[in-house]
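Taking it in order: structure first as structure tokens, then the write-up.
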Amino acid sequence: MADFMSAHAFVKPNEGVYSDDADDAGGETYKGYARRRNPLWLGWPIIDGYKCKYRGEAFLAALERDEALQRLILDSYKVNYWDRIWGDRIVDQGIATQMYDTAVNKGPKVSIRFAEMSVGMGATGVMSKTLLNRLNEMV
């Protein structure tokens, strides 16, 4: 079965660290999580606490050292993207990683639709046993 940490290692470098760019539609973003799209994410209060104490490189270093924050971001990716595509049940690591990358960048429904179309199914955007079986038969 595919491994979440392997898939995440592929995706992680593209998600950046911290940004608060006024021209970014997502606004303030941490490792791909935009505050505007995820305002209730439990990591924001931790980040806000560090903003009061640190600036620049010291701020970024403090975020990276915070084990609770790192666990929150990893858990968020697993629950909101990997689990939604049933990544743990996909046999081929390459297929799972591609679906996970697409889920992170376009959303789980889009990722599932692409997978459905790639195996000749109608595009529903809902993960199913039929899709899983067809994906697993590809190896």
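The values are calculated or read from the model by the stated rules, or taken from the named source; none is laboratory data. Nothing here was measured: the structure is a model prediction, and the numbers come from that model. Cβ: placed from backbone, ideal geometry, glycine included. Neighbour counts: every protein chain shown. Side chains included, ligands, DNA and RNA excluded: accessible areas come from the protein's heavy atoms. Shrake-Rupley method; radii C 1.70, N 1.55, O 1.52, S 1.80 Å.
Nearest 20 debye, what's the magnitude of the dipole of the chain about its Cα centre given +1 on Lys and Arg Cβ and -1 on Asp and Glu Cβ?
On the way: 18 positive and 19 negative charges, 74 e Å.
Roughly 360 debye for the chain.
What does the net charge come to around SER111 if you take all other residues with beta carbon closer than 9 Å to its beta carbon, with K and R at +1 and D and E at -1?
Working: positive: ARG84, LYS106, LYS109, ARG113; negative: ASP101.
Residues near SER111 contribute +3 overall.
Other residues lying with their Cβ under 13 Å from the Cβ of TYR30 contribute a combined charge of -2, Lys and Arg counting +1, Asp and Glu -1. Express the carbon and sulfur contribution to the solvent-accessible surface of the stretch 54-121 as a percent, rounded to the nearest whole number, probe 1.4 angstrom. Accessible surface attributable to carbon and sulfur in the stretch 54-121 totals 53 percent. About its Cα centre, the stretch 76-139 has a charge dipole of approximately 200 debye under the convention of +1 per Lys or Arg Cβ and -1 per Asp or Glu Cβ, with nothing else charged.
Residues whose amide H comes within less than 5 Å of that of GLU28, counting only those at least five positions distant or on another chain, are ARG35, ARG36 (H built at 1.01 Å from N in the peptide plane).
Taking only the Cα atoms of the chain, the radius of gyration and Dmax are 16.9, 54 Å. Remark: the stretch 89-105, residue by residue, has Karplus-estimated 3J(HN,Hα) of 9, 8, 6, 7, 4, x, 5, 4, 5, 5, 5, 5, 4, 5, 4, 5, 8 Hz, where x stands for each Gly or Pro and the curve is 6.51 cos²θ - 1.76 cosθ + 1.60 at θ = phi - 60°. Could you give the longest part of the chain that holds none of the trypsin sites (Lys or Arg not before Pro) found in DSSP loops with at most 14 neighbouring Cβ atoms within 10 Å? That would be 56-139. Over the C-alpha atoms of the stretch 1-46, the Rg to Rh ratio, Rh being the Kirkwood estimate, stands at 1.06.
Residue-wise HN-Hα couplings along the stretch 42-57, as the Karplus relation 6.51 cos²θ - 1.76 cosθ + 1.60 with θ = phi - 60° gives them from phi, are 5, x, 4, x, 5, 4, 4, x, 6, 4, 6, 9, 10, 9, x, 4 Hz; Gly and Pro carry x.
Projecting the Cα atoms of LEU69, MET5, MET138 onto the charge dipole of the chain, computed from C-beta unit charges around the Cα centre, puts MET138 farthest toward the positive end. When the chain is treated as a GNM with alpha-carbon contacts under 10 Å, the residue of TYR77, TYR30, TYR50 showing the greatest mean-square fluctuation is TYR50. Averaging Cα coordinates gives a centre for the stretch 1-42 and one for the stretch 104-132; these two points are 22 Å apart. Note on the chain: GNM, Cα springs under 10 Å; of ALA22, ALA34, ALA96, the largest mean-square fluctuation is that of ALA22. Each stretch of four or more DSSP H residues adds -39500 (n - 2.57); spread over every residue of the chain, this sum gives -15500 deg cm²/dmol at 222 nm. Summing charges over all other residues whose Cβ lies under 15 Å from the Cβ of GLY120, with Lys and Arg as +1 and Asp and Glu as -1, gives 0. In whole percents, the pair-distance distribution calculated for the stretch 33-112 from its alpha-carbon pairs, binned every 5 Å from zero, is 3, 14, 20, 19, 15, 12, 10, 5, 1, 0.
With a cut-off of 11 Å on the backbone N, the residues of the stretch 80-97 near the modelled label site 7 Å out from SER118 along Cα-Cβ are 92-97.
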